[in-house]
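First the structure, in the form of structure tokens, and then the observations on it.
We did not get these values from a lab; they are worked out from the coordinates using the rules stated. Everything quoted here is computed from the prediction, not taken from an experiment. Neighbour counts run over all protein chains shown; Cβ positions are idealised from the backbone, glycine included.
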Amino acid sequence: METWVLITVAAAFLQNVRSAMQKHLKGVMGTTGATFVRFGFGLPFAFLYLFLLWQVAGRPLPVPNGTFFLWAVIGGLAQIAATFLLVHLFSFRNFAVGTAYSRTEPAQAALFGLIFLGEKASEGTLVAIAISVIGVMLISVARTTLSPRTLVTSVFSRTAGIGLLSGTFFGLSAVSYRSASLALAPSLPAPDYVMQASYTLGFVILLQTIVMLIWIVLRERDELPRIAAAWKPAFIVGFVGASASFGWFMAMTLQQAAVVKVVAQVEMLFTFASSFFIFREWINRLELFGCLLIVLGVVMLVLI
């Protein structure tokens, strides 16, 4: 099995753990605070990884250039916008529709990869992406009164539009991160996907921490004492989140962002596994069908 696949699966597992822990933090702070923890408390670990690679492993630091800064800033801000829109969806009664359409991220990443990087996807890859996207969209509405037919007819609704826009920003951020990381390669003696990913992660997470901290100070200052009071679990979330992001960045340096995002959907399988085996929650038929489609899409990509 290729290295990027193993890294992606490991990152998906860590992201599942981080998401579960962030839900716990939501009980003691607001959405903005819980989101900030992902970046602010992950920053020390991102810098630690970079320091260890540089000083302990002896890997040379890349030299950033204009292309790197452009794509890193676009990616960091796009991810914040995507997360904000996704959270905003939960204020709507039929938020499941928007959530489902936000899952079109891999397909949109494939489009952005073609536009900005000239990365063409084979017919088999496009089919695999379509299958997995349909799978996650079905799972998103599996426990609602919506039917797959209603999901299609709701494409022009407001929530669907917000969901699609969220998926657009997530797809753009993924391709931007890949572009930023690849832009560092010429400054190294030889391409080093681990160092390129670590350096990109360090810069992006610093940018996101500064932007979110400014927002909290100006708009939601009450969150600061809540964040400080929960610093112990927040550091664990930061560590797991930074580790997961490091995995995503490495995988997307090695492989097209859209392909990585499809394999990353195995995170939902981890979620269902913990729900079934730990919390004894049953999975309905539509959820099971969606899981099978995700597995089929991932297997197709791995075998192509």
Next on the checklist: Cut-off 10 angstrom, C-alpha nodes, Gaussian network model of the chain. Which of Ser157, Ser166, Ser181 fluctuates the most?
Outcome noted: Ser157
Next on the checklist: Under 8 Å for C-alpha pairs, at least 6 residues apart: give me the relative contact order for the chain, rounded to a whole percent.
Outcome noted: 40 percent
Checklist entry - Pick from Ala100, Ala12, Ala190: which residue has the top mean-square fluctuation in a GNM of the chain where Cα pairs under 10 Å get a spring? => result Ala190
Next on the checklist: Which chymotrypsin sites (Phe, Trp or Tyr not before Pro) in segment 237-304 sit in a loop by DSSP (not H, G, I, E or B) and have at most 13 other Cβ atoms within 10 Å of their own Cβ?
Outcome noted: Phe279, Trp282
Next on the checklist: Can you give the longest run of the chain that contains no trypsin sites (Lys or Arg not before Pro) sitting in a DSSP loop with at most 13 other Cβ atoms inside 10 Å?
Outcome noted: 144-220
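For the chain, which span is the longest to avoid every loop-located (per DSSP) member of GluC sites (Glu not before Pro) having at most 12 other Cβ atoms inside 10 Å?
3-280
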Checklist entry - In the neighborhood of Phe249, defined by Cβ-to-Cβ distances under 14 Å, what is the net charge if each Lys or Arg adds +1 and each Asp or Glu adds -1? => result +1
Checklist entry - Rg (Å, one decimal) plus Dmax (Å, integer) for the alpha carbons of the chain? => result 18.9, 57
Checklist entry - Looking only at Ser198, Ser243, Ser274, which one moves most when the chain is put into a Gaussian network model with springs between Cα atoms under 10 Å? => result Ser274
Next on the checklist: Run the simple label-point estimate for Ala130 and Ala10 please: 7 Å along Cα→C-beta, distance reported in nm.
Outcome noted: 3.4 nm
Item to check | Largest to smallest principal axis extent of the C-alpha atoms in segment 1-101, angstrom | outcome: 52, 34, 30
Checklist entry - Using a simple spin-label model with points 7 Å from Cα along the Cα→Cβ vector, what separation in nm is obtained for Val302 and Leu286? => result 2.8 nm
Item to check | Helix-only [θ]222 nm of the chain, DSSP H runs n ≥ 4, -39500 (n - 2.57) each, per residue, nearest 500 | outcome: -25500 deg cm²/dmol
